[in-house]
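Structure first, commentary second.
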Amino acid sequence: MRQIVLATKNEGKIRELAEPLQVLGIEVLGLGSFPEIGDIEENGTTFAENAFIKAKAVADITGLAAVSDDSGLEVDALSGRPGVYSARYANDMPLLDGETKDERNNRKLLMELKSVPQEKRKARFVCSMAYVEPGCPSADKALIVHGTWEGRILEEPRGTDGFGYDPVFFDDALGISAAEMTREQKMERSHRGHAVRQLLDKLVVLLK
Ligand code: ITT
């Protein structure tokens, strides 16, 4: 069976990505199988660059093809921030007692948008996903796909499922937050769902 390494440490992404890739008859290995892989510096300026950097690093170290996901939230009222810095957005603020990093990001976001009215709270999730084989010389030789998800930022978190910014991201079509969706509903609508379906379509052809 063909093996692919899922090049992410984010448990939320692993929950959403492992299954669709397995459907293709691929054995999906996590980074847990490769403790020698340390932190990979994401020093790209775009989601696509960072996705390539992560997948290439993992493919070259493991000798196996790797799939990565670089994603984040672009908020119109913040001129597209936090964007590629979404994971590190609130690192400048101390964690409150018992608070997770995701909760701190959401707290900062709601603070920054405090005086922004409903109609100006538009935002989108963006995802670039890369499939990279060992020794791949450059991003233009890799398989890179993209997905987006339009929505708006709530005034209070809603829901307990999902991860990251899901509790503050509202989907107008379903009338619920991303953290109130089942995994299936979220994958149907989300940036990651759109990207992974494109990736699967292309992989079916490539791996034939
Ligand atoms: P890896 O680099 O190990 O994959 P990461 O969490 O650092 O994990 P990114 O650099 O891509 O991943 O940062 C993505 C940020 O955007 C992070 O804060 C996520 O919580 C958030 N994010 C991405 N997709 C999301 C989703 O579907 N729902 C909520 N938040 C999401």
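Going by average Cβ density within 10 Å per residue, which order do the peptides 116-126, 192-202, 53-63, 25-35 take, highest to lowest?
Numbers: 116-126: 15.9, 192-202: 18.6, 53-63: 21.1, 25-35: 13.5.
Ranked from most to least packed, the peptides come out as 53-63, 192-202, 116-126, 25-35.
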Fill in: Sites Asp39 and Glu119, calculated FRET efficiency, Cβ-Cβ separation with R0 41 Å, nearest 0.05
0.55
Worksheet item: Rule-of-thumb check for the stretch 91-208: C-alpha Rg over 2.2 N^0.38 Å?
Response: 1.28
Discussion item. On a straight-distance basis, which aspartates and glutamates could pair with Lys120 in a cross-link, Cα separation under 19 angstrom, same-chain partners fewer than 8 positions away excluded?
Written reply: Glu74, Asp76, Glu112, Glu150, Glu155, Glu156, Asp166, Asp171, Asp172
Item to complete: Please report, in Å, the Rg and the Dmax of the stretch 25-175, where both are computed over Cα atoms only.
Response: 17.2, 50
Fill in: In sequence order, calculated HN-Hα J values of the stretch 131-137 (Karplus, 6.51, -1.76, 1.60; Hz; x Gly/Pro)
10, 10, 9, x, x, 4, x
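So which DSSP H runs in the chain come out at 15 Å plus along the axis (Cα) with average Kyte-Doolittle of at least 0.5? Working shown, then result.
On the way: long enough: 11-23 (19 Å, -0.48); 47-62 (23 Å, 0.55); 101-112 (17 Å, -2.07); 191-206 (22 Å, 0.18).
Counting only whole DSSP H runs, the qualifying helices are 47-62.
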Worksheet entry | Where labels lie 7 Å past Cα in the beta-carbon direction, separation of Glu184 and Asp76 in nm | 3.2 nm
Worksheet, complete the sentence: Net charge (Lys, Arg +1; Asp, Glu -1) of residues whose beta-carbon lies under 13 Å from that of Lys122, Lys122 excluded, is -2
Item to complete: Among the lysines, select those whose C-alpha is under 23 Å from the C-alpha of Lys114, and discard any that sit fewer than 8 residues away in the same chain.
Response: Lys101, Lys122
Worksheet entry | Where GluC sites (Glu not before Pro) fall in DSSP loop in the stretch 152-197, at most 11 other Cβ within 10 Å | none
Discussion item. Sequence gap at least 6, Cα distance under 8 Å: using those rules, report the relative contact order of the chain to the nearest whole percent.
Written reply: 19 percent
Worksheet entry | Near-label residues of the stretch 90-120 by backbone N, under 19 Å of a point 7 Å along Cα→Cβ of Lys9 | 90-93, 95, 99-105
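Coordinate-derived values only; no laboratory data. For clarity, every value in this text was computed on a predicted model and none was experimentally measured. Here Cβ is always computed from backbone atoms with ideal geometry, including for glycine, and neighbour counts include all displayed protein chains.
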